[in-house]
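This report refers to the structure that appears directly beneath it.
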Amino acid sequence: MGLPRRPLPRNSENVSKVLLISSLAPSVNEQITQHAGPDHQVCVQPFDLSTDKRNRLLAEHDCLVLFPGVLDDTVVRAAANLQLIQLVSAGYDRINVKLCRELGVPVANNGGTNSLDVAEHALMLMLSALRRFADFDRFVKAGQWRGIDSGTNTFTLDGKTVGIIGFGNIGRRVAGLLRPFGCNVIFSDAYPPPEEVSASLGAQQVGLTELFAQSDLITIHVPLNDDTRNMVNSDTLALMKPTAWLVNTCRGEVVDETALHAALEQRQIAGAALDVLVKEPPPSDHPLLSLDNVIFTPHTAGVTFDSFSRRGEFIFNNIDRVARGEEPLALVN
């Protein structure tokens, strides 16, 4: 059973009062709010505003738009009269969605509006891993024009088997981007799409064990929950080829970092390309930072300037759905 569909209490001017709490730059906030129409009254506030002011503003507004998607339970309870908590991001693991449901407050994510950006980033990490972009950049800047023998330790993406864990919006985008590269694409998903969808993308469904064993590159695109936490662990890493790379652009907790460090240090697998970690930013003595077969980006896979206009359009269309008494799209609770 879904959450009750509660139309917004319209005032005399028939306006939805929208509170945007954001840590983003003003120019990025403008990319989002440019899609607000005459039926939206938008108040933009910084993410670090005081709890008292936040709670007062929540009581005065109909919808909360939030970036990053972080709310503690005290604030969630203060937001009990909201008609919608709308996330600018895709991830929702730092909000107590169960409590929101108990309070009758719908929570929606961005509906996959930054899935292309994450998919492009995952592809970039794959190419960077195989062609050693980070190493080459470092060597050239150090005056070592031919500092390594690329003929023995760089590789083409063509012909490689790429395993996609999670075949939702992002996973399917990755499959689509890989088609021109001539890859053999396999995927594993607890809720796979219809066969015609995977067939149109040239992707074959396999079991998770088979995916770990067959893939030259594995890219992860699952939400963080009890089923996916530490799904990459010592057992699954042991299945991987010694020449294989692991790419993670979803959540750090999906990977057991202790097991990954051991596999990388022992060259059990070739390397890892990580946009996310369990603790962000990582401490300076984080074990993975000391390894030469890991590529890092700072949780930026889904964050491009271009994506925020798409997100904004989705957000205000979703708010309008709620105003009409319809169920919002991309509900996570």
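The values are calculated or read from the model by the stated rules, or taken from the named source; none is laboratory data. The structure displayed is predicted, hence computed values, not measured ones. For neighbour counting, all protein chains shown are included, and Cβ atoms are generated from backbone atoms with ideal geometry for every residue, glycine included. Ligands, DNA and RNA are stripped out before the accessible areas are found, and what is left, the full protein with its side chains, is counted by its heavy atoms. Shrake-Rupley method; radii C 1.70, N 1.55, O 1.52, S 1.80 Å.
Observations on the model:
- Residues that are among the hydroxyl-bearing types (Ser, Thr, Tyr) and either on the phi > 0 side of the Ramachandran plot or in contact with a Leu (Cβ under 9 Å, 6 or more places away or on another chain) (or both) within region 305-330 comprise just one, Ser307.
- Identity of the residue in region 314-333, out of contact with any strand residue (DSSP E or B) (no Cβ under 8 Å at 6 or more places or on another chain) and not hydrophobic (A, V, I, L, M, F, W, C), that ends up least open to solvent (accessible area, probe 1.4 Å): Gly325
- Qualifying residue in region 298-313 (condition: part of a helix (DSSP H, G or I), surrounded by 15 or more Cβ atoms within 10 Å (Cβ to Cβ) and of a type in the set (Ser, Thr, Tyr)): yes
- Any hit, region 25-33, residues being at pLDDT below 95 and either basic (Lys, Arg) or farther than 21 Å from Ala330 by Cα (or both): no
- Scanning region 278-286 for residues that are β-branched (Val, Ile, Thr), open to solvent by less than 70 Å² (accessible area, probe 1.4 Å) and at pLDDT 95 or above turns up nothing.
- In region 301-314, the residues that are closer than 11 Å to Asn114 by Cβ reach residues that are among the hydrophobic types (A, V, I, L, M, F, W, C) and in a loop (DSSP other than H, G, I, E, B) with C-beta atoms within less than 7 angstrom, at least six apart or across chains, in these pairs: Gly302/Ala90; Arg311/Val88.
- Residues in region 128-152 that are surrounded by fewer than 17 Cβ atoms within 10 Å (Cβ to Cβ) and either in a helix (DSSP H, G or I) or in contact with a Cys (Cβ under 7 Å, 6 or more places away or on another chain) (or both): 11 in all.
- Restricting region 229-251 to residues that are closer than 22 Å to Val303 by Cβ and touching a residue at least 60 places away in the same chain (Cβ under 8 Å), the residue that is surrounded by the fewest Cβ atoms within 10 Å (Cβ to Cβ): Arg251
- Only listed residue being under 28 Å from Gly91 (Cα atoms) and open to solvent by 20 Å² or more (accessible area, probe 1.4 Å), chosen from Gly171, Gly182, Gly176: Gly176
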